[in-house]
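Working notes for the structure below.
The values are calculated or read from the model by the stated rules, or taken from the named source; none is laboratory data. All values derive from a computational prediction rather than experimental measurement. Heads up, the Cβs are rebuilt from the backbone with ideal geometry, glycines too, and the neighbour counts pull from every protein chain shown.
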Amino acid sequence: MAEAFRIQLAQAEPGPAPAPGSETAGTVEPEHKSFPPFDATHFASQLFWLAVTFLFFYWLITKVVVPRISGILAARRERISADIAEAERAKEATEKAAAAYEKQLADARAGAFRIAEEARGQAKAEADATRARIEGDLNRKLAEAEARIGDIKSKALADVGAIAGEAAEAVVKSLADVNVSTQEVGDAVHAALNERR
Amino acid sequence: MAAEDPIHQFHIERLVPIHIGGLDISFTNAALFMVLTVLGAGAFLLLSTGSRRVVPGRWQSAAELTYEFVAKTVRDSAGEEGMRFFPFVFALFMFVLVANLWGLFPYFFTVTAQIIVTAALSLAVILTVLIYGLWRHKLHFFHLFVPSGVPKAILPFVVLIEVLSFVSRPISLSIRLFANMLAGHITLKVFAGFVTMLGSLGAVGIVGAILPLAATVGLTALELLVAALQAYVFAVLASLYLNDALHPGH
């Protein structure tokens, strides 16, 4: 590279020196006298145009590009954090709903158990009542029957006395042909019956 | 012949002669490529971000990546406070990068291969450091040249070194970019020149021209890397120097 540079300088040196005054001709050819980047002829114009272009570019960057791109990046950051917050919120809501569901399920189970328990208790009570009522009925009927039996029995016994008296009266009449009063026969039968008892 | 002269590409030609008060501010090919640089960089940054999509397309993504890359560079070198210089560094980076990339096209002019251009950009950085540093820290800014904890005996010597290193910054900053662009383009042109020279020698020459042609292709790839790398280096050094304006104490 350095060699090429030197070659070029060597080539440029012996060339015909440009005539003084021909520099402002507006063409390029007469300006071969030095290495172009070190040639001060165009320094002013380069500095001027660099200042114009770079200052415009700097203005463009500060006023348009940086606000726009930083705006895009900030909007994206906001959007992402908002989305994450939204997701968190949704997750929380889901968890809450799941917890509520669990609770409702548990409540429903407890309710069902309670209702079943109540029904069972009620049925048992009803059955008990029915049984008690029927038992009472039966006992009452039993007592009635016993009383009736007792009545019949005592009536039958009384009838037995009367029949025995009549039979005894008839027997006495036919055997001894003695007229005894019914009252006397009855008393005698009674006494006999009481004796036997 | 001018076509094979590796220096010819750096010649400046007046396209529209303008003279104001004896000052030659003609619109030259250099000025044309400065305008093209601004148009190219501006079009890239503005057209790609025009739709402001939340989910970016390729072009918008490229513009955002460039933006965030430079922003990270500035933040790493000069801290959060350094972000006030971000538009300046971003403008420098984009200008240098696009100027370098335009220069890779054959027959195009390389703005950044002109020492006056790189020197002006470097001086803009250093003057920003000086003016902002003095405005912000007044005389404390000169602590930059007086490192703390240095023995009194060698302090003048250290201060001299610090001053020299500060002064050499714009020089090294401008020459680094200028020399890289200049050397790369001359090398490219020399190798490409070999291809045409050998090619004109007949069949043997055409076979012989394969090697410099391959070298030219390889060098073009290398120059693409250099173009991007030098723009990055310029931006990194600019933000490092601007950091001194914010934090002059070592």
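Return yes or no: is B:Leu92 within 16 Å of the chain's Cα centre (by Cα) and more than 10 Å from chain A (Cβ to nearest Cβ)?
So B:Leu92 fails the test.
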Review point. Condition test on B:Ile116, is it within 14 Å of another protein chain (Cβ to nearest Cβ), aliphatic (A, V, I, L, M) and without any contact (Cβ under 8 Å) to a residue 24 or more places away in the chain?
Key: yes
Review point. Considering only the range B:7-34, how many residues are within 7 Å of chain A (Cβ to nearest Cβ), aliphatic (A, V, I, L, M) and surrounded by 16 or more Cβ atoms within 10 Å (Cβ to Cβ)?
Key: 6
Exercise for review: Examine the range B:98-109 for a residue that is among the aliphatic types (A, V, I, L, M) and assigned to a loop (DSSP other than H, G, I, E, B), and state whether such a residue exists.
Suggested key: yes
Study note, to complete from the structure: Of the residues in the range A:166-197 that are closer than 22 Å to A:Ala156 by Cβ and charged (D, E, K, R), the one that is farthest from the chain's Cα centre (by Cα) is A:Glu169
Point to revise | Residue satisfying condition, being within 17 Å of B:Pro106 (Cα to Cα) and loosely packed, with under 14 Cβ neighbours inside 10 Å, within set B:Ala215, B:Ala221 | key: B:Ala221
Review point. Within the range B:68-89, how many residues are within 16 Å of the chain's Cα centre (by Cα) and surrounded by fewer than 19 Cβ atoms within 10 Å (Cβ to Cβ)?
Key: 0
Practice item. Looking only at the range B:171-181, decide whether some residue is over 30 Å from B:Val217 (Cα atoms) and more than 14 Å from chain A (Cβ to nearest Cβ). Key: yes
Check your understanding: Given the structure, is A:Thr27 at pLDDT below 95, β-branched (Val, Ile, Thr) and not in a helix (DSSP H, G or I)?
Key -> yes
Practice item. Answer with yes or no whether B:Arg75 is under 19 Å from A:Phe57 (Cβ atoms), out of contact with any helix residue (DSSP H, G or I) (no Cβ under 6 Å at 6 or more places or on another chain), more than 8 Å from every other protein chain (Cβ to nearest Cβ) and among the basic types (Lys, Arg). Key: no
Study note, to complete from the structure: Of the residues in the range B:198-232 that are among the polar types (S, T, N, Q) and in contact (Cβ under 8 Å) with a residue 12 or more places away in the chain, the one that is nearest to B:Leu177 (Cα to Cα) is B:Gln230
**Study point:** Residues that are of a type outside the set (S, T, N, Q), exposed (fewer than 12 other Cβ atoms within 10 Å of the Cβ) and not in a helix (DSSP H, G or I), drawn from the range B:145-167
**Key:** B:Gly149, B:Pro151
Check your understanding: Quick one: in the range B:1-56, which of the residues that are of a type in the set (D, E, K, R) and closer than 27 Å to B:Gly184 by Cα is modelled with the lowest pLDDT?
Key -> B:Glu4
Check your understanding: What are the residue pairs meeting all of these: first residue in the range B:171-182, first residue at negative phi, second residue in a helix (DSSP H, G or I) and small (Gly, Ala, Ser), Cβ atoms under 7 Å, and 6 or more apart or on different chains?
Key -> B:Leu173/B:Ser122; B:Ser174/B:Ala119; B:Ser174/B:Ser122; B:Phe178/B:Ala113; B:Met181/B:Ala113; B:Leu182/B:Ala113
Practice item. Would you check if there is a residue in the range B:17-37 being on the phi > 0 side of the Ramachandran plot and either without any contact (Cβ under 8 Å) to a residue 60 or more places away in the chain or part of a helix (DSSP H, G or I) (or both)? Key: yes
